[in-house]
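Values quoted throughout were computed directly from the atomic coordinates according to the rules given, and no laboratory measurement underlies them. Because the structure is predicted, anything quoted here is derived from the model rather than measured. Every residue, glycine as well, gets a Cβ built from its backbone with ideal geometry; the counts of neighbours run over all protein chains shown.
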């Protein structure tokens with residue numbers, strides 16, 4: 001039987017506010033345990049939550065960026081359960097009326113672009129952390145993270161493969177960073193996903209029973225966990241079993257998911273509106289203010305890159321995968337008008353490869369956009385060949401020259417200027433013909449490949465500096481080809 | 001003199017006829033003598049009180065005294081104080097000291113009051129008799145075999161026994177007004193949001209409101225001036241211009257100071273179930289109001305009869321969530337022995353909470369449960385709106401609403417502890433104000449056949465505190481019920 005996979009994601013994005021969602025304590029990562037927990041975060045008797053408007057503003061930003069409805073009135077609710085790192089015995093979240101409703105996200109899949117519908121996005125507070133190591137049979141509680149603002153973004157079950165789920169997660173990850181509401185740091189838990197996975201026979205319209213895989217904090221784990229879970233569910237059904245609705249955890253070491261709790265064990269959270277917080281009202285003026293502060297969004301920028309620079313869709317999408325990369329490209333392209341495609345090729349090719357190799361971010365690229373544009377200008381005016389340009393690029397990367405004119409400095413220092421003097425090239429070609437009679441003979445005997453061999457030798461003799469086009473034509477002329 | 005109302009004491013202090021240290025010391029002596037009998041205080045700190053008094057005397061000497069400078073005050077033990085522990089009358093918090101002061105505690109401290117101690121109360125403010133305290137029941141100063149009302153019974157008893165001229169309480173369903181009535185003093189529950197709840201250990205967040213106890217309406221106004229005010233730390237605190245609640249009291253009202261005031265008498269408050277002595281005392285008071293120029297009209301609050309059931313859904317629901325933080329993890333009582341996490345929660349809470357608190361947590365958990373929420377909690381919230389509509393409608397035809405604060409005077413200790421519903425029915429006239437969020441005041445208006453005080457409730461529309469206090473003040477200028485003292489306070493000069 002052919003099976004169809006159905007996936008929906010719930011993503012927790014930690015909002016980049018300096019202080020917590022309901023207290024003035026700092027949200028910075030990595031402080032000594034419980035040093036960033038105020039009376040409110042510890043839930044001392046008598047304390048009350050006060051909403052951080054910065055968190056709301058970030059939620060509005062997100063809603064606008066995905067074309068969602070910003071609810072003019074939303075309600076904070078208490079989700080009641082006991083856990084040692086949940087100080088109040090309830091989490092303040094939004095239940096019936098979230099701040100953001102609807103919206104869509106466009107993702108790139110193997111079959112082309114796809115629109116994923118969003119159900120909602122709501123504000124809530126994070127819990128603290130239970131530390132089970134180093135306490136000899138006891139549990140340590142660190143409440144630094146308690147009260148950290150989160151935006152929980154819930155998608156519709158619109159993804160049909162692990163790859164699509166990853167594409168969605170990556171696009172969402174890029175977007176929240178793009179609009180500056182989340183630092184996206186997955187190691188620190190700033191962006192984590194829960195995946196709702198089910199399978200059904202191809203063609204079936206009813207959804208299968210789903211399992212929720214909790215707390216996937218890398219794209220790789222997300223993909224592996226879904227792939228495992230899909231296989232597990234299909235095998236289970238094919239063996240005559242039934243999928244039980246439950247929450248599962250992914251174990252990356254064993255490459256498998258295991259049951260955490262079944263639906264029957266699911267707690268009754270006894271949600272009710274938090275009487276300590278009046279309903280959150282957002283007026284048009286606030287929304288307008290946030291809207292005017294929004295940067296150009298990736299989708300719009302991608303479309304502009306295609307029309308303004310004539311870039312293919314793939315280049316435009318990749319260049320707009322982050323604001324910094326897009327900015328780098330635009331700065332480069334602006335410095336060398338008319339050569340946007342070449343700029344895109346270099347940014348996505350040489351530069352990205354070099355960055356990936358050392359796992360560096362575009363912000364820390366050792367070659368600036370001005371330096372890259374300076375280099376490309378020398379290709380454009382024929383001073384150097386594309387091949388030599390790569391050497392020059394490596395030299396700038398290695399810090400052999402600094403400043404805006406680093407490319408020129410290196411070309412001059414290393415004498416890499418392309419030889420375009422036909423007299424000089426003719427001389428080299430003559431020498432190559434004279435020194436390689438056997439190859440010349442092969443060529444004359446009809447072996448086309450021999451010609452390329454002679455070009456290569458001429459280029460080598462010029463230490464790569466000869467204009468390849470000229471070498472080609474002069475050699476042809478000399479051999480009477 | 002030390003048993004006098006705040007206004008008189010303040011005048012004597014500012015005229016240096018009395019020092020705050022002397023006043024405080026003499027009251028501390030009274031507390032030392034009478035508290036073992038009354039059990040009104042959970043904590044008293046004489047050294048600290050005298051230090052406050054000394055500072056107050058210095059302020060008076062420097063000519064920087066306000067109307068409350070040097071006035072001793074007792075706070076209900078549900079209001080957080082950094083100076084002494086805040087137990088909420090519970091074993092759960094028997095050894096808990098807050099690192100900060102509640103907003104109303106700060107306000108009264110800023111006004112120069114002297115903090116003498118923290119008062120006993122029903123555990124976590126759950127009760128109408130001050131019998132559910134882990135620290136034992138509070139006794140009514142008028143008759144030690146009787147309850148003083150609750151939950152703020154310790155403050156009410158302390159003020160009634162003239163142990164302090166001023167006290168604070170919190171009122172979730174009548175917990176200031178009912179003990180004020182049963183103890184023969186004045187107590188005000190302000191409009192919801194007038195006094196910040198910051199530092200008030202939450203029982204039912206949408207109903208809780210702190211307020212003052214004193215001998216007179218005038219004193220209540222003085223205390224409210226210091227307790228009210230916007231506080232950014234409480235999102236339900238109202239941001240409105242500060243008001244001087246004593247201003248209207250100073251106007252010259254002439255012979256008929258209540259001329260132009262219409263008093264609404266809810267048909268539902270004068271029916272069966274009211275003790276005849278209470279009914280008689282209220283009738284006499286109404287005659288006095290009319291003599292002072294007020295007009296009375298009959299009104300109706302058709303949904304008010306639903307107040308108690310609605311209250312006993314909403315209050316426990318919020319309480320069940322509010323009290324979840326008492327889990328033995330970070331502070332408060334933790335069982336000495338337990339097997340695992342669940343066992344630690346279970347034992348710590350079983351040992352830390354008393355029966356009434358557990359009962360309300362269970363009720364609250366039930367009404368919020370999946371499948372019951374709509375039928376109970378949601379329905380109760382809907383009825384709450386209907387009750388608010390009743391009052392809105394009533395205030396089109398009257399300025400204040402008057403009736404008994406409680407259906408009876410004080411009852412004997414232990415009389416209702418086995419019958420929670422009978423106990424809950426004590427709140428029948430008081431809970432509506434909390435559900436609606438409107439202000440309500442109780443003042444003494446007579447005594448029953450056992451010589452126990454009877455309270456009269458004056459309710460008003462939102463922010464009508466000044467008007468209500470004026471009505472009470474004019475009544476007190478013409479009568480002396482507020483001046484009556486229990487026998488154990490008659491000896492003081």
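Observations
- Only beta bridges with both residues in chain B are counted; by DSSP, about 65 percent of them are antiparallel.
- Helical content alone sets the calculated 222 nm signal of chain B at -11000 deg cm²/dmol, taking -39,500 (n - 2.57) per DSSP H segment of four or more residues and averaging over every residue.
- Within 10 Å of each Cβ in A:265-274, the average number of Cβ atoms from other chains: 5
- Cα centroid separation - segment A:171-188 against segment B:1-50, whole Å: 61
- Spatial separation of Cα centroids for segment B:60-85 and segment A:212-228, in angstrom: 59
- When every Cα-Cα distance of segment B:149-230 is counted in 5 angstrom steps from zero, the calculated P(r) takes the values 3, 19, 29, 26, 16, 6, 0 percent.
- Shape box of segment B:48-176 [Cα atoms, principal axes, largest first, Å]: 45, 33, 24
- Expressed in units of 2.2 N^0.38 Å, where N is the residue count, the Cα radius of gyration of segment A:422-479 is 0.99.
- Restricting the calculation to Cα atoms, the protein assembly as shown shows an Rg/Rh of 1.17 when the hydrodynamic-style radius is the Kirkwood one.
- Peptide A:76-85 has a mean of 3 when you count, residue by residue, the C-beta atoms of other protein chains within 10 Å of its C-beta.
- For chain A, Kirkwood radius (reciprocal of mean inverse C-alpha pair distance, Å): 26.6
- In chain A, helical runs assigned H by DSSP with n ≥ 4 each contribute -39500 (n - 2.57); averaged across all residues and rounded to the nearest 500, the mean residue ellipticity at 222 nm is -12000 deg cm²/dmol.
- Rough spin-label spacing in nm, given labels placed 7 Å along Cα→Cβ, for residue B:55 and residue A:136: 4.3
- Size estimate for segment A:296-414 follows the Kirkwood approach: the inverse of mean 1/r over distinct Cα pairs works out to 14.3 Å.
- Per-residue Cβ neighbour counts within 10 Å put B:452, B:378, A:222, A:348 in the sequence B:378, A:348, B:452, A:222, beginning with the fewest.
- When both bridge partners sit in segment A:175-262, DSSP labels roughly 70% of those beta bridges antiparallel.
- Relative packing of peptides B:150-158, B:230-238 - highest average C-beta neighbours within 10 Å first: B:150-158, B:230-238
- Of all DSSP bridge pairs formed entirely within the protein assembly as shown, close to 80 percent run antiparallel.
- Counting neighbouring Cβ atoms within 10 Å and putting the fewest first, the residues A:350, A:124 line up as A:350, A:124.
- 10 °C / 1.306 mPa s Stokes-Einstein diffusion coefficient of segment A:292-337, Kirkwood radius on C-alpha pairs, µm²/s: 149
- Rg over Rh [alpha-carbon atoms, Kirkwood Rh] for segment B:227-360: 1.17
- Ordering A:81-92, B:127-138 by mean Cβ neighbour count within 10 Å, with the highest value first, yields B:127-138, A:81-92.
- Radius of gyration and maximum dimension Dmax of segment A:203-256, Cα, Å: 11.9, 35
- Share of Cα-Cα pairs in segment A:3-289 lying beyond 25 Å, as whole percent: 49
- Put simply, segment A:161-265 fits an ellipsoid with semi-axes of 27, 15, 12 Å; these come from the alpha carbon gyration tensor as the roots of five times its eigenvalues, largest first.
- Expressed as a fraction of 2.2 N^0.38 Å, the C-alpha radius of gyration for chain B is 0.91.
- Ratio of the Cα radius of gyration of segment B:345-471 to 2.2 N^0.38 Å, where N counts its residues: 1.32
- Calculated P(r) of segment A:337-396 - Cα pairs past 18 Å, %: 27
- Between segment A:353-420 and segment A:136-151, the alpha-carbon center distance in angstrom: 48
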